[in-house]
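All of the numbers you see were taken from the coordinates with simple rules; none came from a lab. Predicted, not measured: the structure shown is a model, and the values here were computed from it. With ideal geometry, Cβ positions are generated from the backbone for all residues, glycine too; neighbour counts draw on all protein chains shown.
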Amino acid sequence: MLDIKLIRNDPEAVKAALARRGEPTSSIDEVLELDTRMRAISTERDDIRAEVKQISEQVGALHKDGKADDAAALQTTSRELGDKEKALTEEANELQAAIRSLLLNVSNMPAPEAPDGLTEDDNVELRVEDFDLASYAEHQRVPHWGIGEDLGILDVDRAVRMSGSMFAMYRGAGARLLRALINYGLDRNRDAFEEVRPPTMVKTDTMVGTGHLPKFADDAYHLERDDLWAIPTAEVPLTSMVAGEILDEGDLPLRLMAHTSCYRREAGSAGKDTRGLLRVHEFDKVELYAFCTPDQAQAMHMEILERAENAIRDLGLAHRVLDLACGDISGAGARTYDIEVFAPGVDRWLEVSSVSWCTDFQARRANVRYRPSEGKGTEFVHSLNGSGLAVPRVWAAIVETYRRPDGSICMPEALHPYLGGMTEIPAV
């Protein structure tokens, strides 16, 4: 959530930043109008409170002097003022709620360094590694869903029968490969990140804390009976893990990681390729997350990006890193780098990690602060997140990239310790 003080002090800068996302700025004008009214009402209420307090002191003095009638008259005035104060308080609270409701639907301001542009076509390619389109042979040009069906390691048809479209089921060596990728993603970050296994069903406030609600409700699964939401990413519970708490600066950065199943409706996927594992409603992911001070945030952003990219590099997959344009950054992000792998069977770059710096946007919503080692008071932390390893698309890229002419699949050496002796998936 944006800082109301910033909106008050420099509304034009806020509107200019949001315009870089291609978002309407009329809500900022509405916030300013409501805030002006709220502050005027609050001032009037506070003046009345002070007057009531002064009258109370006068009433006490009159009773002490034996002037009960005069005291009674003042008490009547005090009650009338009290009723007015109560009404003003209720109006101020209503205005405050309206301001919050508006701000909950406003995205974060993109960082000044984020590239201009409104679509993914405006993203800036920073680097490409191990990619040579001409090097992929015909046997690698088979889509993973066809390979998976032939080898009996991916059963989309039965998953669809059980759960509907855009669900998948891994079997045999395919399920083992999935589990290996999860453990691989966790183990390589265990040196610095605390492993957490959070709930995958969370309250509404928890979803609000990251910015997924109310703005992206259509993309989430909601259990109305219990008012619980299936998490779209472990970022959601990890953000609220310390909601309402005050951390010590000496404990920052606080690094966390979690493997969870994630659930997304993909409501906006109409017309997009949804075959195989390209876009699914349920998937496994290892998430890296950090709370830190503003001064630590830039280095932490680079650390998470490096860890996520190294995981892909060590799997021997062709990949590229993109600096996302303002209009392609998620609502909570200020600066985001995407890592994409090349899947030769579908002839596409597939996003496997978004590494985002959210400044204090999520911390304001979840009320996560820290106490500086020097100085007084508290400040909001900065939050960062990134997919340490998003399993389905990495699975797909491995199956397509490492396919041999005889139809078998060689397993990347980095995964051998996690496969129980399996170094290949043999041809049928």
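Worth a mention:
- Listed by chain and number, the lysines placed with their C-alpha closer than 21 angstrom to that of K86 are K53; residues fewer than eight positions away on the same chain are left out.
- Stokes-Einstein D for the range 186-252, Kirkwood Rh over Cα pairs, 4 °C, 1.567 mPa s (µm²/s): 97
- Note on the range 4-103: with charges restricted to the Cβ of Lys and Arg (+1) and Asp and Glu (-1), its dipole about the Cα centre is near 400 debye.
- Translational diffusion of the range 343-385 was estimated from the Stokes-Einstein equation, with Rh taken as the Kirkwood radius over Cα pairs; at 4 °C and 1.567 mPa s the coefficient is 99 µm²/s.
- Amide proton proximity set for G333, modelled H, under 5 Å, gap of 5+: N108
- Average projected area [Cα convex hull, the range 4-103], square nanometres: 7.0
- The length gained on full extension between A134 and R371, counted as 0.36 nm times the residue separation minus their Cα-Cα distance, comes to 79.8 nm.
- In order along the range 121-138, the Karplus-derived 3J(HN,Hα) couplings, from 6.51 cos²θ - 1.76 cosθ + 1.60 at θ = phi - 60°, round to 5, 8, 5, 9, 7, 8, 6, 10, 10, 6, 10, 9, 4, 6, 7, 7, 7, 4 Hz, and Gly and Pro are given as x.
- Bridgeable aspartates and glutamates around K203 (alpha carbons under 17 Å apart, same-chain partners fewer than 8 residues away excluded): D218, D219, E224, D226, D227, E235.
- Given charges at Cβ of Lys, Arg, Asp, Glu: the range 4-103 dipole, positive-most of V52, T76, A98: A98
- Charges were assigned to the Cβ only: +1 to each Lys and Arg, -1 to each Asp and Glu. The resulting dipole of the chain about its Cα centre is roughly 900 debye.
- Other residues with beta-carbon under 12 Å from the beta-carbon of G316 carry, at +1 per Lys or Arg and -1 per Asp or Glu, a net charge of -3.
- The chain - share of DSSP beta bridges that are antiparallel (%, nearest 5): 90
- Within the range 24-119, GluC sites (Glu not before Pro) in DSSP loop having at most 15 other beta-carbon neighbours inside 10 Å: E113
- A convex hull fitted around the alpha carbon atoms of the range 249-349 yields 141 Å³ per residue.
- A Gaussian network model of the chain, with springs between Cα atoms under 10 Å, assigns the largest mean-square fluctuation among E129, E195, E400 to E129.
- Modelled this way, with points 7 Å down the Cα-to-C-beta line, the labels at E245 and E90 are 3.9 nm from one another.
- Summed side-chain charge close to T293 - residues other than T293 whose Cβ falls under 10 Å, Lys, Arg +1, Asp, Glu -1: -3
- MRE, 222 nm, helices only [DSSP H, n ≥ 4, -39500 (n - 2.57), over the chain, to nearest 500]: -13000 deg cm²/dmol
- Estimated from the Cβ-Cβ distance and a Förster radius of 25 angstrom, the FRET efficiency linking A68 and D47 is about 0.35.
- Rounded to whole numbers, the Karplus 3J(HN,Hα) couplings from phi for the range 30-37 are 5, 4, 4, 5, 5, 5, 4, 5 Hz, using 6.51 cos²θ - 1.76 cosθ + 1.60 with θ = phi - 60°, and x at Gly and Pro.
- Separation between Cα centres of the range 367-395 and the range 1-16, rounded to whole Å: 22
- The chain: C-alpha pair distances exceeding 28 Å, %: 57
- Separation of alpha-carbon centers, the range 190-259 and the range 159-186, rounded to whole Å: 23
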